[in-house]
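Undergrad: Structure in structure tokens, see below.
The values are calculated or read from the model by the stated rules, or taken from the named source; none is laboratory data. Every value quoted in this text rests on a predicted model; they were computed, and no experiment measured them. Don't worry about glycine lacking a Cβ; one is built from the backbone with ideal geometry, like all the others, and counts go over all protein chains shown.
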Amino acid sequence: MNIIVTGASRGIGYELTKLFASDPKNKVVAISRNRVKLEQLKRECAATYKGSVVHPAVVDFSDKDFKKDITLQVLSKLSTVDIVVNNAGALVNKPLEDLTTTDVENMFRVNVISQFEFLQALLPYMGKGQLPTHIVNIGSMGGVQGSMKFPGLSAYSSSKAALATLTECLAEEFRDRNIAVNCLMLGAVQTEMFEEAFPGEKTEMTPLLMAAYIRDFALVGANFFNGKIIPVSKSTP
């Protein structure tokens, strides 16, 4: 399968890329803006899994011109796309009175606007196989209406709520194009981003455990779900 994982240089994306790469039948394009970590990831996969195919792609979704990098570094590696895991994200932890317009604009550019542009670039390569292309957007429980909210995360949670609605809209738009779109709204996972949001807090969910769930869902979820917003959390909303 031809698979794209964004936000691959750390946390869940890093572990997810390794899990996909463990199957030599998969070709994985790992996207991040951190070239050093991507090269480390490729070496680690090659050393651990014989025959693994990982293509690092250095792309910064905060850059308004990132689509040229998608063309050069991603689409040049793939003839079709079977799975896209939109895991890249940005977070700012600030109370409302300290948020700048730039903070909010950057948050929505990375977490929402870039998703429009990214999928526009990928669209001609999707839905070409016997099975549906599966787009898996990685959201947050903070973006679920009625879930517990936390101070300082208004911009982040709002952007993830927008991603959830985008998922529903695209699933309908792509319904007749052999493309499924779902959104996993993750609860607490012990990642660097979690530490930024909740300094000093600990959770039992590791990046590897969550990555394993996402890998399995990405592989088979399109057989059961389309346009669904799915909480992945042991806590009560």
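Undergrad: Can you say whether residue 204 is without any contact (Cβ under 8 Å) to a residue 60 or more places away in the chain, assigned to a helix (DSSP H, G or I), over 27 Å from residue 26 (Cβ atoms) and not β-branched (Val, Ile, Thr), as far as the supplied structure shows?
TA: No: the conditions fail for residue 204.
Undergrad: How about the stretch 139-150: which of its residues are assigned to a loop (DSSP other than H, G, I, E, B) and either within 12 Å of the chain's Cα centre (by Cα) or polar (S, T, N, Q) (or both)?
TA: Once the filter is applied, which keeps residues that are assigned to a loop (DSSP other than H, G, I, E, B) and either within 12 Å of the chain's Cα centre (by Cα) or polar (S, T, N, Q) (or both), the stretch 139-150 yields 145, 147.
Undergrad: I've got another one for you. Suppose we filter the stretch 207-231 for residues that are within 20 Å of residue 15 (Cβ to Cβ) and without any contact (Cβ under 8 Å) to a residue 60 or more places away in the chain; how many remain?
TA: Number satisfying all stated conditions: 5.
Undergrad: Another question about this same structure. Among residues belonging to the stretch 64-94 that are farther than 20 Å from residue 131 by Cα and of a type in the set (Gly, Ala, Ser), point out the one that is farthest from the chain's Cα centre (by Cα).
TA: Here the answer is 76.
Undergrad: Also, quick follow-up: Which ones in the stretch 106-115 are of a type outside the set (A, V, I, L, M) and either at pLDDT below 95 or surrounded by 21 or more Cβ atoms within 10 Å (Cβ to Cβ) (or both)?
TA: Residues satisfying the conditions are 106, 111, 114, 115.
Undergrad: Got a number for residues in the stretch 59-95 being without any contact (Cβ under 8 Å) to a residue 12 or more places away in the chain and either closer than 20 Å to residue 159 by Cα or not aliphatic (A, V, I, L, M) (or both)?
TA: Here is the first cut: in the stretch 59-95, the ones without any contact (Cβ under 8 Å) to a residue 12 or more places away in the chain are 63, 65, 68, 72, 76.
Right, trim to either closer than 20 Å to residue 159 by Cα or not aliphatic (A, V, I, L, M) (or both) and you get 63, 65, 68, 76.
Here the count works out to 4.
Undergrad: When the residues of the stretch 100-157 are filtered to those that are among the basic types (Lys, Arg) and in contact (Cβ under 8 Å) with a residue 40 or more places away in the chain, which remaining residue is farthest from residue 59 (Cα to Cα)?
TA: The residue in question is 128.
Condition check ((1) surrounded by fewer than 17 Cβ atoms within 10 Å (Cβ to Cβ); (2) touching a strand residue (DSSP E or B) at 6+ places or on another chain (Cβ under 6 Å); (3) more than 28 Å from residue 103 (Cα to Cα)) across all residues:
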{"position": "125", "(1), (2), (3)": "no, yes, yes"}
{"position": "192", "(1), (2), (3)": "yes, no, no"}
{"position": "196", "(1), (2), (3)": "yes, no, no"}
{"position": "234", "(1), (2), (3)": "yes, no, yes"}
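Undergrad: Checking the conditions here, which among 196, 168 is more than 24 Å from residue 120 (Cβ to Cβ) and touching a residue at least 12 places away in the same chain (Cβ under 8 Å)?
TA: 196
Undergrad: Specify which of the listed residues (222, 188, 212) is assigned to a helix (DSSP H, G or I) and either of a type in the set (S, T, N, Q) or surrounded by fewer than 20 Cβ atoms within 10 Å (Cβ to Cβ) (or both).
TA: 212
Undergrad: Can you pull out the residues in the stretch 155-176 that are within 16 Å of residue 136 (Cα to Cα) and in a loop (DSSP other than H, G, I, E, B)?
TA: Of everything in the stretch 155-176, those that are within 16 Å of residue 136 (Cα to Cα) and in a loop (DSSP other than H, G, I, E, B) turn out to be 174, 175.
Undergrad: Quick one: which of 62, 79 is of a type in the set (S, T, N, Q), within 18 Å of residue 3 (Cα to Cα) and in a loop (DSSP other than H, G, I, E, B)?
TA: 79 is the lone residue from the list that is of a type in the set (S, T, N, Q), within 18 Å of residue 3 (Cα to Cα) and in a loop (DSSP other than H, G, I, E, B).
Undergrad: Tell me, which residue of the stretch 43-73 that is of a type in the set (D, E, K, R) and in contact with a helix residue (DSSP H, G or I) (Cβ under 9 Å, 6 or more places away or on another chain) is modelled with the highest pLDDT?
TA: 44
Undergrad: Considering only residues that are of a type in the set (Val, Ile, Thr) and under 24 Å from residue 187 (Cβ atoms), look in the stretch 105-138 and name the one that is nearest to the chain's Cα centre (by Cα).
TA: Among those that are of a type in the set (Val, Ile, Thr) and under 24 Å from residue 187 (Cβ atoms), it is 138.
Undergrad: I need every pair where a residue in the stretch 14-41 that is farther than 21 Å from residue 219 by Cα and in contact (Cβ under 8 Å) with a residue 12 or more places away in the chain has its Cβ under 8 Å from the Cβ of a residue that is charged (D, E, K, R) and assigned to a helix (DSSP H, G or I), sequence separation at least 6 or different chains.
TA: These pairs meet every condition: 41/18.
Undergrad: Another question, then. Mind counting the residues in the stretch 111-138 that are part of a helix (DSSP H, G or I) and touching a Leu at 6+ places or on another chain (Cβ under 8 Å)?
TA: The total comes to 8.
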